Every structure is written in C-alpha cells, then in structure tokens.
Amino acid sequence: MHQAMEEGPFEAVPLAELFPDIEAPEVLVMRLVALALDSARPPEDAPTWYWSIDNAAFPGPKTVGTAVFLSTAVSIGDRSDWTELDIDASWTRQGMREVTASVGVTCFCDVDHGTHYVEQLSLIANGYSSLSRRLERAVEQVLAWLAGPLEPAYWRARAGLPSDQ
C-alpha cells in the first residue's frame, strides 16, 4: 500500500532517509542541481519537490504502478492549458533506479487522456553517484526545455496531437 507523497522545498527532502548510504559529494550534486532548477522556475511556480520514504527501498518486481521516490514538476500555463516539465526518480521492475525528464501537455483529444507526454529522457542509474549524475542530466534537459518554446500548442503540434481549436 502506497502512502501519499510528502512535499516541500528541496531542502526539506530527507536525503539520508531516501538514500541511506549516499556520500557527501552526491548530496552536494543533488542540492546544486535542485537549486539550479528551482532558480529557473517561472515566478508563479513555487519550487515543490515530492518524495516517498516508503519507496526508498526497491519494492519488488510485482509492484503495481511506478514506485517514485523523488519528483518535481515545472508548470507553465494555466489550469485550462499548460506545459509541465517533470522529473521523476523511480524504480524499474528490474530493481534499478531510473531518472526521467519529460514534457507533458494538456490533452484536447475527444477522449480526455489528461496529459500527453510528448518528449522524454530516461536514464538508468547504477549506485548513488550514478543517481546524482542522472538527476543532474535530467535537470540539464529540463533547463534546455525551459530555454525553448514552452507553449503547449507548440508541443502538441510537434507531437501531432489535437489542439484546443
């Protein structure tokens, strides 16, 4: 049974509980890349991170859903039409940690899918050093997306999805 994710600024993320054997250099990398991302957010998008201590250890290959242990999203737009740049750190079914950066947009299909993920970067981590470097690479990708077109219509057109018109 999964409990709700906890949330707060990155400084509140209990890294020692999420990653019991993590070393100081990896903690520093994680803190620096989180700061870089949070500093680049639009002013109206409060820096909020989500974490689950329940998912800190590999839950097993038969877990239903995705066992996310750390995530954040940068939201651009309003409640009716938006682009969201997500970072999720989770477990694969094989027990590897994976960091994913993705672009999501509002769905305007006849059947409401909620969100369409139109671009994604998935990186497998092997150990805590690799995890901090994968998080760094995912943040670099989100920063690159933030520097480009952010309008949801641009991303929907690029993916061949219906527009709101």
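Residue by residue, here is whether (1) at pLDDT below 90; (2) under 19 Å from Leu70 (Cβ atoms) holds:
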residue: Gly104; (1), (2): no, yes
residue: Val111; (1), (2): yes, no
residue: Glu119; (1), (2): no, no
residue: Ile124; (1), (2): no, yes
residue: Gly127; (1), (2): yes, yes
residue: Leu131; (1), (2): no, yes
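What is the one condition in (1) under 25 Å from Val68 (Cα atoms); (2) assigned to a helix (DSSP H, G or I); (3) not β-branched (Val, Ile, Thr) that Arg158 does not satisfy?
(1)
Does Glu84 meet the test of being open to solvent by 60 Å² or more (accessible area, probe 1.4 Å), in contact with a strand residue (DSSP E or B) (Cβ under 9 Å, 6 or more places away or on another chain) and free of Cβ contacts under 8 Å to residues at least 60 places away in the same chain?
So Glu84 does not fit the description; no.
Would you say Pro9 is modelled with pLDDT of 95 or more, in contact with a strand residue (DSSP E or B) (Cβ under 8 Å, 6 or more places away or on another chain), open to solvent by less than 80 Å² (accessible area, probe 1.4 Å) and within 22 Å of Ala125 (Cβ to Cβ)?
Against the criterion (modelled with pLDDT of 95 or more, in contact with a strand residue (DSSP E or B) (Cβ under 8 Å, 6 or more places away or on another chain), open to solvent by less than 80 Å² (accessible area, probe 1.4 Å) and within 22 Å of Ala125 (Cβ to Cβ)), Pro9 does not qualify.
If only one of Gly77, Gly95 is within 19 Å of Pro43 (Cα to Cα) and surrounded by fewer than 22 Cβ atoms within 10 Å (Cβ to Cβ), which one is it?
Within the list Gly77, Gly95, the selection yields Gly77.
Here is a list: Ala157, Ala125, Ala144, Ala138. Which entry is open to solvent by less than 30 Å² (accessible area, probe 1.4 Å) and without any contact (Cβ under 8 Å) to a residue 40 or more places away in the chain?
Ala125
Results for (1) aliphatic (A, V, I, L, M); (2) within 16 Å of the chain's Cα centre (by Cα); (3) at positive phi, shown as yes or no for each residue.
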{"residue": "Pro25", "(1), (2), (3)": "no, no, no"}
{"residue": "Asp45", "(1), (2), (3)": "no, yes, no"}
{"residue": "Trp51", "(1), (2), (3)": "no, yes, no"}
{"residue": "Pro59", "(1), (2), (3)": "no, no, no"}
{"residue": "Thr63", "(1), (2), (3)": "no, no, no"}
{"residue": "Ala101", "(1), (2), (3)": "yes, yes, no"}
{"residue": "His113", "(1), (2), (3)": "no, no, no"}
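Only one of Ala144, Ala89, Ala153 is in contact with a strand residue (DSSP E or B) (Cβ under 8 Å, 6 or more places away or on another chain) and among the small types (Gly, Ala, Ser). Can you tell me which?
Ala89
Just the residues that are closer than 20 Å to Gln120 by Cβ and part of a loop (DSSP other than H, G, I, E, B), please, taken from the range 42-93.
Passing the criteria: Gly65, Thr66, Ala67, Thr92, Arg93.
Can you report the number of residues in the range 47-65 which are open to solvent by 20 Å² or more (accessible area, probe 1.4 Å), out of contact with any helix residue (DSSP H, G or I) (no Cβ under 6 Å at 6 or more places or on another chain) and more than 26 Å from Ile76 (Cβ to Cβ)?
Total meeting the criteria: 9.
If I ask for residues that are under 19 Å from Arg133 (Cβ atoms) and exposed (fewer than 12 other Cβ atoms within 10 Å of the Cβ), which ones from the range 21-41 would you list?
Across the range 21-41, the qualifying residues are Asp21, Glu23, Ala24, Pro25, Leu28.
The values are calculated or read from the model by the stated rules, or taken from the named source; none is laboratory data. Note that the coordinates shown come from a computational prediction; the quantities given were computed from them, not determined experimentally. Neighbour counts run over all protein chains shown; Cβ positions are idealised from the backbone, glycine included. Protein only, heavy atoms only, side chains kept; ligands, DNA and RNA dropped before computing areas. Shrake-Rupley method; radii C 1.70, N 1.55, O 1.52, S 1.80 Å.
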